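Below is one structure, written out as structure tokens, with a few remarks after it.
Values quoted throughout were computed directly from the atomic coordinates according to the rules given, and no laboratory measurement underlies them. All values reported here derive from a predicted model rather than from experimental measurement. Don't worry about glycine lacking a Cβ; one is built from the backbone with ideal geometry, like all the others, and counts go over all protein chains shown.
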Amino acid sequence: MTEKKEDKFVQWILFATGISSILIIILIIVFIFSEGLPAMLSVGLFNFLFGMVWNPDNGIFGVFPMIIGTLLTTFIALLLAVPLSLCCSIFLAEIAPPNMRKLLKPTIQGLAGIPSVIYGFFGLVIIVPFMRIHFGGSGFSVLSASLILTVMILPTIISISEDALRSVPYEYNEASLALGATQWQTIKNVIFPAALSGIITAIILGMGRAIGETMAVIMVAGNVVQIPGSIFEPVRTLTSNIALEMGYATGIHYSALFATGIILLAVIIVLLLIANYINYKKRVTIGGGYL
Amino acid sequence: MNRIISPKNSQKIMKTIFWGSGIFTMFLLILVIGYILVNGLPVVNLNFIFGDPIDNGASGGIFPFIISTFYVTFVALVVATPLGVGGAVYLAEYAGENKLVKAIRFGSEILASIPSIVFGLFGFAFFVVYLNFGFSVLSGGLTLALMAMPTILRTAEVSIESVPKSYSEGSMALGASKWQTIYQVILPAAVPGIITGVILGMARAVEETAAILYTVGAALQAPVSIFDPARPLPLHLYTLATEGISMPNAYGTAAVLVILILIITIVTNTLVDRYTKKMMGR
């Protein structure tokens, strides 16, 4: 083969590997939809999304309690994780001395690396009994799941918002301090607002992680299909629903689980689009000279 | 101006809060890992690591599950590495900034964020049923490959882009073709970064449970062929813990899994450190 031909040949192979991620996405969407649509169509989209009863034995498939379960656990996890991780990312980006950074960076990596089944196991042996003793009930609850999710989404939010805080030009910091502002005033009034779009992206991605988490939630949430009356009652999330019933589902029930997957897929894609849009807006604003 | 808290005091208070949140985060990691290791390590000995399970894992060891983990992860990496690195070379060296590249980036972003159970659904429908690979190392490994691919792609792309432009200019000036330059100059310079990416992808494959729940099966023997079913460590831990088979063995399995992940993390960090130092030295 001549060099030129070889070059062209290699370029084609690399092109093929390059577009493989697009092809895989399309393949995933096609398969999930083709398996899930029959249930969505036969139950009806509205009845599927807003139906209150999930009873596969009688062919009733409504995922509304699971949607609430996912939203509720995610919302409480964000409520706890956002303040903690924002403080932690500000600490990392602005305040921590180098030694402390050297300790904290691997810590966050470590938190991100722990398998979700380990988090679930930890929740099962520590948090669930704690809840049972102090708040009654079985201990398998919305709050147990949220607490585990909180720890799991910390590293996502911390590392992305730290990047955002660091990318604020150092001159901003200097100018503010030179005007006599304290460090906290500078962070609050200058750095934080400048990094806001990145921080929102971080929160959205953390939210995506919480919505998509399966194993840890399954092990501590109790998995009862209901709209919980309090955060101490058990719930089932969309992801758990799939994992719990895939083992024995057939026919329309099988299809309904794929339809649950369609919801998850759609939510994640929408969240990513929002995150990308915010980043895009930010570039535009900086280019336009608003900052 | 009448303030309740003076700027000086609020600075002090906030600084304390920031320090507190940093230390609390460290405490969380130590709590989780420490608890698992303290309870799990007493169970872990040579018989546990190299023994076969007895009564579904109620006693005995976890050797087949360790083999399963390595086997499935190996299959995943063999598939994901060429795809990820090839894609990274394409993005970094061939593609300009056009719509297609944006689509590829967004595609790999989606791939990186899809919930693992959705991968599990797809793996079951496509690999297990449609391609008829059955519950096997192959089905599980391929499903994990899809999850590890974006991690490898992103890390490799960054490290290829960080190879100084002067390298490829020098090579091209000597008359090398584009592919010769990439193969003999750019890729060797980017290898440590690419290895880091592969290890990160490996970590993702080792820790994953939901995606293999319905693709890899649940064998108690070590898999031999890639069409054999297997049971990687996370899946074994999940079964032990939720079916209440044996708590001591669950702790032991968890400890082995945590140690495995810790080793992977430490190796990655050492590599990155050495790589950064080397690059700074030049």
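Structure above, values below:
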| read-out | value |
| --- | --- |
| Vicinal HN-Hα couplings computed from phi for the range B:161-174 (Karplus, 6.51 cos²θ - 1.76 cosθ + 1.60; Hz; Gly/Pro x) | 5, 7, 5, x, 4, 4, 4, 6, 4, x, 5, 5, 5, 7 |
| Under the span-like rule (Cα at least 15 Å along the axis, Kyte-Doolittle mean at least 1.6), DSSP H helices of chain A | A:64-90 |
| Compactness of the protein assembly as shown, expressed as Rg and Dmax over alpha-carbon positions, Å | 24.7, 82 |
| Exceeding the 18 Å Cα-Cα cut-off - candidates A:188/B:8; A:105/A:188; A:5/B:165; A:102/A:188 | A:105/A:188; A:5/B:165; A:102/A:188 |
| Computed E for residue A:55/residue B:52 - FRET, C-beta separation, R0 41 angstrom, nearest 0.05 | 0.50 |
| The range B:63-281: translational diffusion in µm²/s, Stokes-Einstein, Kirkwood Rh over Cα pairs, 20 °C, 1.002 mPa s | 115 µm²/s |
| The range A:1-93 - Kirkwood radius from inverse mean 1/r over Cα pairs (Å) | 18.3 Å |
| Lys, Arg +1 and Asp, Glu -1 on Cβ, resulting dipole of chain B about Cα centre, debye, nearest 20 | 1300 debye |
| Calculated FRET value between residue A:30 and residue B:6, using beta carbons and R₀ = 51 Å, to 0.05 | 0.25 |
| Amide hydrogen neighbours beyond the local backbone of residue B:60, cut-off 5 Å, H modeled | B:54 |
| Efficiency of FRET between residue B:270 and residue B:224 - r from beta-carbon atoms, R0 35 angstrom, step 0.05 | 0.55 |
| Normalised contact order of the range A:1-96, rounded percent, pairs of Cα under 8 Å and 6 or more residues apart | 12 percent |
| Cα-based Rg and Dmax for chain A, where Dmax is the largest Cα-Cα distance (Å) | 23.1, 76 |
| Structure-based [θ]222 nm, chain A - -39500 (n - 2.57) summed over DSSP H runs of at least 4, per residue, nearest 500 | -25000 deg cm²/dmol |
| Relative contact order for chain A, counting Cα pairs under 8 Å that sit 6 or more residues apart, in percent | 26 percent |
| Top of B:136, B:59, B:177 by mean-square fluctuation, Gaussian network on chain B, Cα under 10 Å | B:177 |
| Percent RCO, i.e. relative contact order, over chain B, from Cα pairs under 8 Å lying at least 6 residues apart | 27 percent |
